[in-house]
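Shown next, in structure tokens, is the structure this report addresses.
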Amino acid sequence: MRAWALRRHYNPPVQRHTLTFGQRIRPHVDVELRAAAQAEARGSGVAFAHLERAHILGQASTVQHVRVHWHMLRWALRHRNVRECLGQITRIIGAATKTALGWVPAGNTGGANVSPFKPMPVPVELEALIKNETGR
């Protein structure tokens, strides 16, 4: 078999150092998004808290930051929460345009109930995950 044919079917393992922060943090964000979906399916009131945790984890990555705000907007639409819907629309725009510039307040939970400019304490377990995935 020719080398080009082998390369087409061979996917070398991805080295951790070649992944972006967004790619490294995504599995942790996904855990919180799944927990939010499961909590909402059970009728539990903690669904939005999981979305807030996902926001804290992903807010340093433009893709993850926008993605979490999209999930928050969908939650607000399902719950017919107009204030949260409007807040999430503005936050999606802000996340898409400001995250890459580093204009995100650490620990901010991302809901419309808090200022989008307010830094907040990062829960210890989330801080450890973020530090591990940033390599610091």
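Please treat every number below as a calculation from the coordinates, not as lab data. Every value quoted in this text rests on a predicted model; they were computed, and no experiment measured them. Here the Cβ is made from the backbone with ideal geometry for all residues, glycine too, and neighbour counts use every protein chain on show.
For region 20-134, what D do you get in µm² per second when you plug the Kirkwood radius from alpha-carbon pairs into Stokes-Einstein at 37 °C and 0.692 mPa s?
237
So, with +1 on the Cβ of K and R and -1 on the Cβ of D and E, and no other charges, what is the size of the charge dipole of the chain about its Cα centre, to the nearest 20 debye?
Approximately 500 debye in magnitude.
Would you mind computing, in nm to one decimal, how far apart the modelled labels at R83 and W103 are, each placed 7 Å from Cα along Cα→Cβ?
Going from the R83 label point to the W103 one covers 2.5 nm.
Local charge sum around A76 (other residues, Cβ-Cβ under 9 Å, Lys/Arg +1, Asp/Glu -1)?
My count for the surroundings of A76 gives +3.
Given Cα pairs under 8 Å that are at least 6 residues apart, what percent is the relative contact order of region 12-136?
Reported as a whole number, the value is 24 percent.
Loop-only chymotrypsin sites (Phe, Trp or Tyr not before Pro) in region 60-136, please: DSSP not H, G, I, E or B, and at most 10 other Cβ atoms within 10 Å.
F117
May I ask for the angle, rounded to the nearest 10°, between helix 21-41 and the longest principal axis of the chain, with both axes built from Cα atoms and the value confined to 0 to 90°?
Relative to the chain, helix 21-41 is tipped by roughly 50 degrees.
As a check on your grasp of the helix formula, calculate [θ] at 222 nm for the chain: sum -39500 (n - 2.57) over DSSP H runs of n ≥ 4, divide by the residue count, round to the nearest 500.
Per the formula, -20000 deg cm²/dmol.
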